[in-house]
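Q: Mind looking over this structure? Questions follow.
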């Protein structure tokens, strides 16, 4: 019995039919699609200690059998580019051209989107990408995370979690590749991240290993044996054409890699691998002035910005903790104690 349990993640990779992509119909929430059909509906989060919610979902059940790919965005409801990218994909995908099934959840955090509140769900003050796999006896974020785990993660073979720079983040596009102890799973997720096409890739090795305490959406899939990646494009609440196209085309290219769409997938030829990310945080309130742009390569101790009090006196110089690339820098002047000023990615010496 022990040997069979250890082999289960690999079985999911080799035999994705075990997750049901050969079914004549496929259901997520209220969206039930028969073979060759595209249907929209909602994942209904019931009321509990706080209000309930309806999370939009689309199911594109391809004309031919194949893998099940989940695409999810909007855990942070003001990361607009990722949300718009998936809205666009819902309209673009034709089930007649698809082998397999695509689950699309474009906006997890509806209250954040509607109220224009960054980072958290204003209903309970929690980040909606920090409480997986969730629980039904918790707050709205917990309950939504539980239902997404059950209805989206556990029904898919592969997952892409889409993000971007929030209202206060001037972000350079990048993706995450999570390394596990499963060589075959790591191979597939690595090829997925290269196929997606963002040329800066963070190597993630320190995320939780326990599927019962997975915390992040991508990690929830990864700890369940499903090759998955996280991608980020878009900055400071904007929706720019290049960022939008990077996310849309990246999803389509991963579908080609998975043979869900016809055509040869492209791959990043010379990726910049990031071995760790170092944060610069503020130890006091003030007004932030940036001195570098997102994507700038900096040397250790280089000044990336400074903070003044409300009368203009400099009270903090923000310096790079190591040589690397500025993955994001604060996009707004307002700054409070403990908030992030910038993230610097340290380039890996080896892949």
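The values are calculated or read from the model by the stated rules, or taken from the named source; none is laboratory data. Worth saying up front: this structure is predicted, and the values here are computed from it rather than measured. Note that each Cβ is placed from the backbone with ideal geometry, even for glycine, and that neighbours are counted across all protein chains shown.
Q: Residue 38 - would you say it is farther than 20 Å from residue 221 by Cβ, in contact with a strand residue (DSSP E or B) (Cβ under 9 Å, 6 or more places away or on another chain), without any contact (Cβ under 8 Å) to a residue 40 or more places away in the chain and assigned by TED's automatic domain parsing to the domain that holds residue 219?
A: Here the answer is no, as residue 38 does not meet what is asked.
Q: Continuing with the same structure: If we scan the stretch 184-192, do we find a residue that is crowded, with 24+ Cβ neighbours inside 10 Å, in a strand (DSSP E or B) and in contact (Cβ under 8 Å) with a residue 60 or more places away in the chain?
A: Checked the stretch 184-192: no residue is crowded, with 24+ Cβ neighbours inside 10 Å, in a strand (DSSP E or B) and in contact (Cβ under 8 Å) with a residue 60 or more places away in the chain.
Q: Which one is farthest from residue 330 (Cα to Cα) among residues in the stretch 267-289 that are in a loop (DSSP other than H, G, I, E, B) and in contact (Cβ under 8 Å) with a residue 12 or more places away in the chain?
A: Step by step, filter the stretch 267-289, then rank; the result is 267.
Q: Here's another thing I want to ask about it. When you check residue 248 against the structure, is it farther than 22 Å from residue 200 by Cβ and either assigned by TED's automatic domain parsing to the domain that holds residue 96 or in a strand (DSSP E or B) (or both), yes or no?
A: no
Q: For residue 154, indicate whether it is surrounded by 20 or more Cβ atoms within 10 Å (Cβ to Cβ), at negative phi and at pLDDT 95 or above.
A: no
Q: When you check residue 263 against the structure, is it in contact with a helix residue (DSSP H, G or I) (Cβ under 7 Å, 6 or more places away or on another chain), outside any helix (DSSP H, G or I) and modelled with pLDDT under 95, yes or no?
A: It is false that residue 263 is in contact with a helix residue (DSSP H, G or I) (Cβ under 7 Å, 6 or more places away or on another chain), outside any helix (DSSP H, G or I) and modelled with pLDDT under 95.
Q: Another question about this same structure. For residue 98, work out the one condition from (1) surrounded by 20 or more Cβ atoms within 10 Å (Cβ to Cβ); (2) free of Cβ contacts under 8 Å to residues at least 24 places away in the same chain; (3) more than 17 Å from the chain's Cα centre (by Cα) it doesn't fulfil.
A: (2)
Residues are listed down the side, and each one gets a yes or a no for (1) surrounded by 17 or more Cβ atoms within 10 Å (Cβ to Cβ); (2) within 22 Å of the chain's Cα centre (by Cα):
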position	(1), (2)
254	yes, yes
263	no, no
267	no, yes
285	no, no
297	no, no
306	yes, no
339	no, yes
343	yes, yes
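Q: Another question, then. Only one residue in 56, 75 is closer than 26 Å to residue 241 by Cα, assigned to a loop (DSSP other than H, G, I, E, B) and at pLDDT 95 or above, so which one is that?
A: Numbers: 56 fails: assigned to a loop (DSSP other than H, G, I, E, B).
Within the list 56, 75, the selection yields 75.
Q: A further question on this structure: Looking at 201, 117, 104, which is the one that is under 30 Å from residue 335 (Cβ atoms), modelled with pLDDT of 95 or more and crowded, with 24+ Cβ neighbours inside 10 Å?
A: 201
Q: Scan the stretch 46-57 and tell me whether some residue there is buried (at least 23 other Cβ atoms within 10 Å of the Cβ) and closer than 27 Å to residue 259 by Cβ.
A: yes
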